[in-house]
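The values are calculated or read from the model by the stated rules, or taken from the named source; none is laboratory data. Every value quoted in this text rests on a predicted model; they were computed, and no experiment measured them. Here the Cβ positions follow ideal geometry from the backbone for every residue, glycine too, while neighbour counts run over all protein chains shown.
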Amino acid sequence: MVEEILKVLLIEDDQHDAYMVNGYLAGNFTVDWVQTLADGLTFLSKKKFDVILTDSSLPDSTGRETIQAVLTAAPELPIIIISGKHSERFAIKTVGQGVQDFFFKDMLQPEMLRRAIRYGVERKRLELERERLLNELRDALDKVKTLSGLLPMCAWCKKVRDDDGYWHLVEEYLVRHTDAQLTHGICKECEEKVRKQAEQRS
């Protein structure tokens, strides 16, 4: 099975480290490399990527500010931090902010990074799909709520009034405010009335 070629944005100011990461990702990855946060944000506005690899310390931003800026700019992308700063506490807090993974540069291995990227991309896809389904559920519940309160109905023609003051046939209102699909039939009481009216006219 051929692996998907993933597009990587690498934000790293150290040339040696950037070359190292490029070498680790040779093959089923394409890498765009920039050296500052500002350039990284510019690239994000112009190109599509599957994942972002970034150092936490850059010439124009450091630490949590860097991470928050990238998370804000690309909430739909998995973000992996590659840092020269050895701090387990900082790494744990960083992952808690929403990044997919955190690596110390001198402990990084090629297969470790490649696997982390693919796992991170898949986890992010699942997160986004989960959020989409939750939003659909919330929308469905909101639609149900619109029908659970007091609904004005004309006592004569049985039309219902919407929030803007317009009157609609009940079936039109239901179709517009729910996902229900209506079919038409005739109940036993109405069928009996129709039959009796037909007999009286005959």
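Here are a few things to note about the model shown:
- In region 9-23, of all residues being crowded, with 20+ Cβ neighbours inside 10 Å and under 15 Å from Leu41 (Cα atoms), the one that is farthest from the chain's Cα centre (by Cα) corresponds to Glu12.
- Inside region 96-123, residues that are among the acidic types (Asp, Glu) and in a strand (DSSP E or B) make up a count of 1.
- Selection within region 67-92 - crowded, with 18+ Cβ neighbours inside 10 Å and not in a helix (DSSP H, G or I): Ala74, Leu77, Pro78, Ile79, Ile80, Ile81, Ile82, Ser83
- With respect to the stated conditions, Asp17 is of a type in the set (Asp, Glu), touching a residue at least 40 places away in the same chain (Cβ under 8 Å), assigned to a helix (DSSP H, G or I) and assigned by TED's automatic domain parsing to the domain that holds Val121.
- Those residues of region 1-20 which are β-branched (Val, Ile, Thr) and at pLDDT 95 or above, in sequence order: Val8, Ile11
- Residue list for region 12-30, restricted to those being hydrophobic (A, V, I, L, M, F, W, C) and more than 18 Å from Ser56 (Cα to Cα): Leu25, Ala26, Phe29
- Test: residue in region 38-57 that is more than 17 Å from Arg125 (Cα to Cα) and either among the aromatic types (Phe, Trp, Tyr) or not assigned by TED's automatic domain parsing to the domain that holds Glu127 (or both): yes
- Top-ranked residue of region 46-66 - restricted to ones that are touching a residue at least 24 places away in the same chain (Cβ under 8 Å) and part of a helix (DSSP H, G or I), ranked as surrounded by the fewest Cβ atoms within 10 Å (Cβ to Cβ): Arg64
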